[in-house]
1. Here are some residues: 212, 224. Which one is of a type in the set (D, E, K, R), surrounded by fewer than 20 Cβ atoms within 10 Å (Cβ to Cβ), touching a residue at least 24 places away in the same chain (Cβ under 8 Å) and in a loop (DSSP other than H, G, I, E, B)?
2. Taking into account only those residues within region 259-305 that are β-branched (Val, Ile, Thr) and farther than 23 Å from residue 207 by Cβ, which is surrounded by the most Cβ atoms within 10 Å (Cβ to Cβ)?
3. Which is over 18 Å from the mean Cα position of the chain (by Cα), modelled with pLDDT of 95 or more and not aliphatic (A, V, I, L, M), of 325, 339, 344?
4. Based on this model, can you work out whether residue 355 counts as in contact with a strand residue (DSSP E or B) (Cβ under 7 Å, 6 or more places away or on another chain), surrounded by 19 or more Cβ atoms within 10 Å (Cβ to Cβ) and modelled with pLDDT under 95?
5. For region 74-97, state whether one or more residues are touching a helix residue (DSSP H, G or I) at 6+ places or on another chain (Cβ under 6 Å), outside the structural domain of residue 336 (by TED's automatic domain parsing), assigned to a strand (DSSP E or B) and within 23 Å of residue 25 (Cβ to Cβ).
6. Conditions first: (1) under 22 Å from residue 167 (Cβ atoms); (2) outside any loop (DSSP other than H, G, I, E, B); (3) within 20 Å of the chain's Cα centre (by Cα). Residue 48 passes all but one, so which condition is the exception?
7. Count, please, the residues in region 157-209 that happen to be in contact with a strand residue (DSSP E or B) (Cβ under 6 Å, 6 or more places away or on another chain) and surrounded by fewer than 16 Cβ atoms within 10 Å (Cβ to Cβ).
Amino acid sequence: MPNSTEVKVYYHDRIEVERSTSWTGLCPSLDNAKLVDIREVDIPQVAELFGYARPDAVVTVNGRPVLSIEQTQMNPSGHNIPQRFSCQVRAAELGVPSILYYPERARRTFSDPNLRNLQVRVPLAQKRLSELYDVPALSVFWPTDPKTNLPDTIQAAHEGMAKVVDALVLSSDNKDQLLSHPAVQSALSEMNRAVSQYSISSEYPPNPSVRRFLPRGFPTSVARTGISVDPPMKAQLARTADFTKSVRGSSSATASSWSEIETRLRARDLTLVFTGTANSKRNDSEHPWPGYLTLLDILYLRNGPNTSDRLANLVYVLPVGVSTFMSRLNKPRPPRQSFIVDSFADLIVLNGGVVPGRPLRGSAPATVVLSGQ
């Protein structure tokens, strides 16, 4: 890289990018990079990456973001990894490559010796994201210490991550060729291997609501083993006519605008209804579910880069009072959890009312279209 090139690594926790201990010290392209606290960002192009959630690190070249990174040593099963997916969606929307760096198989804690496998919906969704936006969205697997079955913290263990980062930074001027870069293809191959290895039918049983309409499952979520990985049971696929009838039937009052909303929903035959969990304050979602919502959208429903490019509607159910949630949605800067749900859900079903999300209402303020839920 020319000496005149200015490279910066914006970080959330400096320890995660320290040259003496992390992957940054193994990347020649970052030898002269300046490390900057991500809270000090003053470049609009970088700040735009924070639209849904702030990533752990961003690499810039001459002020231009070339890589967004999420990394965690947390156990790879369950919801720890899917909750971070919204960061990669935002990067893809802006044409920026992204990496999620995490263990593919590790134990949870010293008190729990059982090994846990990665959530295969994540690499499947990343592959779909890469296809939809023509930009790399990758899983890179954090090596596990075979003696402890915990993530390896020795710097040399991060060589694989460093190679992918180096390739994406050095090739950032050739965006059209990034997906075909050997290092990216190698990462995609590893993702395919992991999906094939961990797509176990006992861990990913068919979702009966999906198989009722799609006997072979969603075609976008088929592993190379032939197993179609369905959405989790918290997501239920329904015929749109049945869903809208059910929602309307349980309401004591109908707003005049509901008719228009219902017509737009019925333009798609099917609706995926995802139920989230309220946080302890009961004013928003628990942390995993908004990020998981973005994953479900990309993996199962999208056939294009916009939320209007869906094969089925996406509905989010949250047991939070409608007035409480509405007060958050209509703030000048809505809380991130609320904003993600609002940005991706066609309809939000709350305690006491139904609100159309941004895909249906656009930039207009949120309004209750059905009340009395």
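1. Values: 212 fails: in a loop (DSSP other than H, G, I, E, B).
Exactly one residue qualifies, and that residue is 224.
2. Applying the first criterion (β-branched (Val, Ile, Thr)) to region 259-305 yields 261, 263, 271, 273, 275, 277, 294, 298.
Going one step further and asking which of them are farther than 23 Å from residue 207 by Cβ, we end up with 261, 263.
Details: 261: 20, 263: 10.
Of everything passing the filter in region 259-305, 261 is surrounded by the most Cβ atoms within 10 Å (Cβ to Cβ).
3. Values: 339 fails: over 18 Å from the mean Cα position of the chain (by Cα); 344 fails: over 18 Å from the mean Cα position of the chain (by Cα).
Only one candidate qualifies: 325.
4. Working: in contact with a strand residue (DSSP E or B) (Cβ under 7 Å, 6 or more places away or on another chain): yes; surrounded by 19 or more Cβ atoms within 10 Å (Cβ to Cβ): yes; modelled with pLDDT under 95: no.
For residue 355, the condition - in contact with a strand residue (DSSP E or B) (Cβ under 7 Å, 6 or more places away or on another chain), surrounded by 19 or more Cβ atoms within 10 Å (Cβ to Cβ) and modelled with pLDDT under 95 - is not met.
5. no
6. (1)
7. Looking only at that region, the number is 0.
Quick grid of which residues meet (1) free of Cβ contacts under 8 Å to residues at least 60 places away in the same chain; (2) closer than 20 Å to residue 81 by Cα:
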| residue | (1), (2) |
| --- | --- |
| 248 | no, no |
| 257 | no, no |
| 268 | yes, no |
| 272 | yes, no |
| 277 | yes, yes |
| 287 | no, yes |
| 291 | no, yes |
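The values are calculated or read from the model by the stated rules, or taken from the named source; none is laboratory data. A quick note: this is a predicted structure, and the numbers were derived from the prediction, not measured. Here the Cβ is made from the backbone with ideal geometry for all residues, glycine too, and neighbour counts use every protein chain on show.
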